[in-house]
Amino acid sequence: MYTVYGIPNCDTVKKSINWLTEHKISFIFHNYKKLGITPQKLKKWSAQIGWESIVNKKGSTWRNLGEKIQATITNEKKAISLLTENTSAIKRPIIEKGDIIITLGFDEEVYTKVFNT
């Protein structure tokens with residue numbers, strides 16, 4: 001079973017969920033806004049793909065933090081602290097199977113390959 005991590009009002013998450021649903025791929029949705037995310041989960045992700053990949057530096061949440069706070073996010077520990085409190089700053093969606101990240105973001109070509117459709 002896949003787990004899709006994201007926030008429901010994100011366009012990229014919506015595209016991902018629609019694609020998975022259209023291709024009849026079962027998943028559980030983990031809403032950061034309601035359920036949050038643990039530092040332990042972020043650490044596991046960081047070990048797999050690096051903390052830099054998890055931080056969404058293109059989103060409005062990151063921009064709204066301001067340059068002074070952005071400049072302090074220089075290592076995994078600081079990134080995890082920020083992302084635990086500001087879940088909207090996590091790049092999304094992140095799709096896991098078990099504890100393994102399958103995809104980050106939405107790319108139809110990648111989804112077609114990864115999910116074998």
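Take SER16 and tell me if it is in a helix (DSSP H, G or I), under 15 Å from VAL114 (Cβ atoms) and open to solvent by less than 60 Å² (accessible area, probe 1.4 Å).
Yes; evaluated as a whole, the condition is true for this residue.
Somewhere in the range 88-101, is a residue in a helix (DSSP H, G or I) and surrounded by 12 or more Cβ atoms within 10 Å (Cβ to Cβ)?
Looking for residues that are in a helix (DSSP H, G or I) and surrounded by 12 or more Cβ atoms within 10 Å (Cβ to Cβ), one finds at least one in the range 88-101, hence yes.
Within the range 76-84, is even one residue among the hydrophobic types (A, V, I, L, M, F, W, C) and either touching a His at 6+ places or on another chain (Cβ under 8 Å) or touching a residue at least 60 places away in the same chain (Cβ under 8 Å) (or both)?
Within the range 76-84, none of the residues are among the hydrophobic types (A, V, I, L, M, F, W, C) and either touching a His at 6+ places or on another chain (Cβ under 8 Å) or touching a residue at least 60 places away in the same chain (Cβ under 8 Å) (or both).
What residue, of THR84, THR72, is in a loop (DSSP other than H, G, I, E, B), among the hydroxyl-bearing types (Ser, Thr, Tyr) and open to solvent by less than 80 Å² (accessible area, probe 1.4 Å)?
THR72
Out of (1) part of a helix (DSSP H, G or I); (2) open to solvent by less than 80 Å² (accessible area, probe 1.4 Å); (3) under 21 Å from PHE106 (Cα atoms); (4) modelled with pLDDT of 95 or more, what's the single condition that is false for THR61?
The failed condition is (4).
Sort out which residues of the range 20-38 are open to solvent by 60 Å² or more (accessible area, probe 1.4 Å) and under 17 Å from SER81 (Cβ atoms), and write them in order of number.
THR38
The values are calculated or read from the model by the stated rules, or taken from the named source; none is laboratory data. This one's a predicted model, so the numbers in the text were calculated from it and none came from an experiment. Reconstructed Cβ throughout: ideal geometry from the backbone, glycine too, with neighbour counts over all protein chains shown. Remember, those area values only see protein heavy atoms, side chains included, never the ligands or the DNA or RNA. Shrake-Rupley method; radii C 1.70, N 1.55, O 1.52, S 1.80 Å.
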